[in-house]
1. For the range 115-128, which positions are open to solvent by less than 60 Å² (accessible area, probe 1.4 Å) and in contact (Cβ under 8 Å) with a residue 40 or more places away in the chain?
2. Of LEU15, LEU21, which residue is in contact with a Ser or Thr (Cβ under 7 Å, 6 or more places away or on another chain) and either open to solvent by less than 40 Å² (accessible area, probe 1.4 Å) or not hydroxyl-bearing (Ser, Thr, Tyr) (or both)?
3. Enumerate the pairs (first residue in the range 183-195 and in contact (Cβ under 8 Å) with a residue 24 or more places away in the chain and aromatic (Phe, Trp, Tyr); second residue anywhere and assigned to a helix (DSSP H, G or I) and crowded, with 16+ Cβ neighbours inside 10 Å) with beta-carbon separation below 7 Å, excluding pairs fewer than 6 apart on the same chain, so at least 6 apart or on different chains.
4. Any residue at all in the range 101-114 that is assigned to a helix (DSSP H, G or I), open to solvent by 20 Å² or more (accessible area, probe 1.4 Å) and either more than 26 Å from THR45 (Cβ to Cβ) or in contact with a His (Cβ under 8 Å, 6 or more places away or on another chain) (or both)?
5. Mind listing whichever residues of the range 94-126 are closer than 30 Å to PRO65 by Cβ, at pLDDT 95 or above and either more than 21 Å from the chain's Cα centre (by Cα) or not aromatic (Phe, Trp, Tyr) (or both)?
6. Taking LEU78 as meeting all but one of (1) under 30 Å from PRO152 (Cα atoms); (2) of a type in the set (A, V, I, L, M, F, W, C); (3) loosely packed, with under 13 Cβ neighbours inside 10 Å, write down the number of the exception.
7. Considering every residue within the range 92-99, establish whether at least one is open to solvent by 10 Å² or more (accessible area, probe 1.4 Å) and either in contact (Cβ under 8 Å) with a residue 40 or more places away in the chain or assigned to a helix (DSSP H, G or I) (or both).
8. For the range 146-165, give me the residue count where each residue is aliphatic (A, V, I, L, M) and crowded, with 22+ Cβ neighbours inside 10 Å.
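The values are calculated or read from the model by the stated rules, or taken from the named source; none is laboratory data. Given the structure is predicted, the values throughout are model-derived calculations rather than measurements. When we count neighbours, we look across all protein chains shown, and the Cβ atoms used for this are built from the backbone with ideal geometry, even at glycine. What goes into the accessible areas is simple: the full protein's heavy atoms, side chains included, and nothing from ligands, DNA or RNA. Shrake-Rupley method; radii C 1.70, N 1.55, O 1.52, S 1.80 Å.
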Amino acid sequence: EGRTIVVASHNRGKLEEIGALIAPFGLSAKSAADYNLPEPEETGTEFEQNAYIKAFAAAAATGLPALSDDSGLCVDALGGAPGVYTADWAETGNGDRDFMMAMRTVEEKLQALGAAEPDQRRAAFVATLCLAFPDGHCDFFRGEAPGHLIWPPRGDLGFGYDPVFVPAGKLLTFAQIDPAEKHAISHRADAFRQLVAAVL
């Protein structure tokens, strides 16, 4: 058990991604679901707060170090929104998430501001990792992937807001580039590089 980290998420995709990132260090990932942990209420107004709520709940319940990630899309012209509420903007009210609706909401807000040029449509995906220990100690690592938003959406390889996000220096959206290439330049990869340098 000494090399196990609990990933404080019930999202299989996220667990697999994190598991692959920590495997080279001889660590294995187990999910909060593997321990039947309830999902804590994410009441924070910042990524760090939500990441801590999730990670510390899992660490306290299992007695193992726990890693969580809170991430979202921050649009400059919208004052950083949707930010910590990125997934909430996709809530349909019946338990489902509709990211096409969420992307359209962002686009309508940008159009209302008259934001037409890439410069006026700057955005970044932000990922904040929290590594928490059962004693309450924790470390934060914040990664960013800057870029700008386009319309209409392009590509079907990504998820969430990927089809409208063009990373800096690229011509294709996150939903058009190979997932391996996306992982290399993503906000989560950036945060993980910092975590690995500091901890592993």
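1. Those that are open to solvent by less than 60 Å² (accessible area, probe 1.4 Å) and in contact (Cβ under 8 Å) with a residue 40 or more places away in the chain: ARG121, ALA123, ALA124, PHE125, VAL126, ALA127, THR128.
2. After ruling out the rest, the residue left standing is LEU15.
3. So the pair list comes out as PHE192/LEU21.
4. Checked the range 101-114: at least one residue is assigned to a helix (DSSP H, G or I), open to solvent by 20 Å² or more (accessible area, probe 1.4 Å) and either more than 26 Å from THR45 (Cβ to Cβ) or in contact with a His (Cβ under 8 Å, 6 or more places away or on another chain) (or both).
5. ALA124, VAL126
6. Among (1) under 30 Å from PRO152 (Cα atoms); (2) of a type in the set (A, V, I, L, M, F, W, C); (3) loosely packed, with under 13 Cβ neighbours inside 10 Å, the lone unmet condition for LEU78 is (3).
7. Among the residues of the range 92-99, at least one is open to solvent by 10 Å² or more (accessible area, probe 1.4 Å) and either in contact (Cβ under 8 Å) with a residue 40 or more places away in the chain or assigned to a helix (DSSP H, G or I) (or both), which makes the answer yes.
8. Taking the range 146-165 and keeping what is aliphatic (A, V, I, L, M), we get 149-150, 157, 164.
Cutting the leftovers down to crowded, with 22+ Cβ neighbours inside 10 Å gives us 149, 164.
Here the count works out to 2.
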